[in-house]
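The values are calculated or read from the model by the stated rules, or taken from the named source; none is laboratory data. Keep in mind that this is a model prediction, so the values were computed, not measured. Cβ coordinates were reconstructed from backbone atoms using ideal geometry, including for glycine residues, and neighbour counts include every protein chain displayed. The protein model used for the area step is the full one, side chains on, heavy atoms only, and it has no ligands, DNA or RNA in it. Shrake-Rupley method; radii C 1.70, N 1.55, O 1.52, S 1.80 Å.
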Amino acid sequence: MAETRQFKTEVQQLLQLMIHSLYSNRDIFLRELVANAADALDKARFESLTDPASARDWKIVITPDKENKTLTIRDNGIGMTEEDVVENLGTIAKSGTRAFLKMLEEKGENGSDIPELIGQFGVGFYSAFMVASSVEVITKRGDAPAVSWSSIGEGSYDIAPADKSDTGTEIILKLKDDAEIYLENWKISEIVHRYSDFIAYPVVMPEKKINEEDKSETVEERTLNSQKAIWLRKPSEITDDEYKSFYAHLANFSGTEYLKAIHMTAEGASEFKALLFLPKQASFNLLMPDIQKKGLQLYIKRMFITDECKELIPDYLRFVCGVVDSSDLPLNVSREILQDNPLLGKIQTAVTGKILSEMKKLLENDRESYEKFFAEFGRILKEGLHTDRANAEKIKDLVLYESMNTPEGKRITLREYVDAMPESQKDIFYISGDKREAVAASPALEYFRKKGWDVLFMTDPIDEWVMQSMYQYAQKYFKSVNKGDFEDKESEDKVKADAEKYAPVAEFIKKVLEDKVSEVRFSSRLTDSPCCLITDGQALAPHMERLFRAMNQEVPVSKRILELNADHPLIAAFSARLAENADDGKLKRYAGVLYDQALLLEGSPLSDPAAFAREVVELLSAAVK
């Protein structure tokens, strides 16, 4: 005889909040029920260690019945007694109902950021009511009588003796009309493959087979999950084909190759296992944040939780794909949003350190492969120089740059640059720009060629931004060759003398170009060219200004500093003509041409290319008469 009992909590409010608010994806119900079944199998298997006679072929069976619109999830795990049923199913959120409901009220009905455990509140089972109009549980534990529990989720449940001879639990869902898709074999297979593919037990589904000869019908069980959690196995036991197959699964497309597989096993305060992959090629959406999934896949005891756990890895390593499997991470009520927990930070710290360490080994042991890898992902890795202060020094050892003294396409490390510095060189010099051809032609390099000092070429758009926080390496400061004052003590007296001698030239050009330059001065930076444009030390470089404007960012136009080379014959000729006739109209045009050719030499666009071309033609015409 069935007995009707009331739930021991405000069940209607709780179920409504849970069903309609705490889960954003209805598919989750099957994951929860399979997870509960796996827990029951774990407990039964543990008991079998001391009672070998109770051992059996552990499995979870999912049976859809379209005729009756029911979905059954059955396991041969530990089962429950009547007392267990009342305790576990008759009391929702038994360990803190009032606190739980109060928290829901405080957070709002969306419940999107409630930081508590499913296990603590025991509501995972009730996700079944998202898709079921009624739920029946038939269960038996050991020699205890079997028991049936049923409810429509509206304040009460029925409990009665049941006819069941074997140990285990059956959950029978009477599906709602709008949930009949969960009776389709393909949908069940899809959910199991996504969420439960790697649990330790087979998840099977009976399927009818028709014999073509005699048209007889048989039922066979098809296993839906692979159970191949290769991250839990030793690397020596995993074949190349298994690695490739799993990488294709993680990367969401086949035909791609990985560069390196990285295994991790962490023990102690935070225990987890991980399998990470460094890719060979960038995915098509790597630089498209709106459609790119970021983060590693997170599993809890082989049960899939999310494939976008951003908290497990810093954003500058977003090209790494892989799996982290933890047994002690707390989750929120829906298992869909991770709790802000210090364990998560410890995992990220360990994972980040391991990846950077493996990249360092690759750089040292397989330079060719690393250089190809860096060509694909270097500009993303460089983000960490600015955003990850804790690991910035490690990342500095991993970045590569072209330089003035290296062939095109050849990159060197900062350590290699420093080791090659002559004793007279005290700082690390660099020049930033849009591309190698532009920076290599810059007049700002002339002094360094003369001294025999190398200059790093920083041509990634991110480099200028990164250099704002990358002050030094190996106790040597970074200095831009086309920014700020130029310090050359050997030439100080000469520069002062040049400035006095040609002061009228500097004053005249400054007046002509006052809307374009902030200062006109002489320096020893130049050896061959008549002039160059320099950026004030705190101002944005011109290519950074162009980058921001391309992103529709408002950037004020900054005036540059025009530096002149007093030893160039053009300056002497300009000075003589200015002394002869200060009102000569052509001198203003000459000043404009000087400014424009300085822009061209550094790779910057001209404001009026046609006007510049006309001036050059007139100068040529006058010269050949």
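Some observations on this one:
- Every pair of residues 6+ apart whose Cβ atoms lie under 9 Å, when the first sits in the stretch 405-417 and is over 15 Å from Gln472 (Cβ atoms) and among the polar types (S, T, N, Q) while the second is part of a strand (DSSP E or B) and at pLDDT 95 or above: Asn405/Ile412; Thr406/Ile412; Thr406/Phe457; Thr413/Leu400; Thr413/Tyr401
- Criterion applied to Tyr430, Tyr370, Tyr401 was being under 21 Å from the mean Cα position of the chain (by Cα) and hydroxyl-bearing (Ser, Thr, Tyr), and the one residue passing it is Tyr370.
- Counted residues, the stretch 567-612 - those being in a helix (DSSP H, G or I), free of Cβ contacts under 8 Å to residues at least 40 places away in the same chain and hydrophobic (A, V, I, L, M, F, W, C): 8
- When the criteria are applied in full, Val481 meets the requirement of being open to solvent by less than 40 Å² (accessible area, probe 1.4 Å), of a type in the set (A, V, I, L, M), over 26 Å from Phe574 (Cα atoms) and touching a residue at least 24 places away in the same chain (Cβ under 8 Å).
- For the stretch 148-174, a residue qualifies if it is under 13 Å from Thr63 (Cα atoms) and aliphatic (A, V, I, L, M), and the qualifying residues are Ile171, Ile172, Leu173.
- Scan of the stretch 215-231 for residues that are modelled with pLDDT of 90 or more and aliphatic (A, V, I, L, M), ordered by number: Leu224, Ile230
- In the set (1) in a loop (DSSP other than H, G, I, E, B); (2) of a type in the set (Val, Ile, Thr); (3) modelled with pLDDT of 85 or more, the condition left unmet by Thr91 is number (3).
- Residue check for Val555: touching a helix residue (DSSP H, G or I) at 6+ places or on another chain (Cβ under 8 Å) and β-branched (Val, Ile, Thr): yes
- A single entry from Leu400, Leu381 fulfils the requirement of being free of Cβ contacts under 8 Å to residues at least 40 places away in the same chain, touching a Phe, Trp or Tyr at 6+ places or on another chain (Cβ under 7 Å) and either surrounded by fewer than 17 Cβ atoms within 10 Å (Cβ to Cβ) or under 19 Å from Glu358 (Cβ atoms) (or both): Leu400.
- The residues on offer are Ile159, Ile188, and the sole one that is open to solvent by less than 10 Å² (accessible area, probe 1.4 Å) and assigned to a helix (DSSP H, G or I) is Ile188.
- Taking the stretch 428-441 as the range and being among the small types (Gly, Ala, Ser) and either surrounded by fewer than 22 Cβ atoms within 10 Å (Cβ to Cβ) or modelled with pLDDT of 90 or more (or both) as the test, the residues that pass are Ala438, Ala440, Ala441.
- Set Tyr247, Tyr258: member being at pLDDT 85 or above, open to solvent by 20 Å² or more (accessible area, probe 1.4 Å) and farther than 30 Å from Pro342 by Cβ: Tyr258
- The stretch 191-210, residues that are in contact with a helix residue (DSSP H, G or I) (Cβ under 8 Å, 6 or more places away or on another chain) and assigned to a loop (DSSP other than H, G, I, E, B): Ser196, Ile199, Ala200, Tyr201
- Scan of the stretch 195-225 for residues that are of a type in the set (D, E, K, R), open to solvent by 40 Å² or more (accessible area, probe 1.4 Å) and closer than 24 Å to Leu41 by Cα, ordered by number: Glu220, Glu221, Arg222
- Among the numbered conditions (1) under 20 Å from Asp463 (Cα atoms); (2) in contact with a Lys or Arg (Cβ under 8 Å, 6 or more places away or on another chain); (3) touching a residue at least 60 places away in the same chain (Cβ under 8 Å), the only one that Leu564 does not meet is (1).
- Restricted to the stretch 311-339, and to residues there that are hydrophobic (A, V, I, L, M, F, W, C) and open to solvent by 20 Å² or more (accessible area, probe 1.4 Å), the residue that is modelled with the highest pLDDT is Cys321.
- Matching residues in the stretch 442-469 - criterion: being more than 37 Å from the chain's Cα centre (by Cα), under 16 Å from Ile412 (Cα atoms) and either of a type in the set (Gly, Ala, Ser) or buried (at least 22 other Cβ atoms within 10 Å of the Cβ) (or both): none
- For the stretch 195-210, filtering for residues that are aliphatic (A, V, I, L, M) and farther than 13 Å from Ala37 by Cα leaves 2.
- Any hit, the stretch 481-504, residues being closer than 28 Å to Ser607 by Cβ, polar (S, T, N, Q) and modelled with pLDDT of 90 or more: no
- For the stretch 589-615, the set of residues classified as open to solvent by 50 Å² or more (accessible area, probe 1.4 Å) and among the polar types (S, T, N, Q) consists of Ser607 only.
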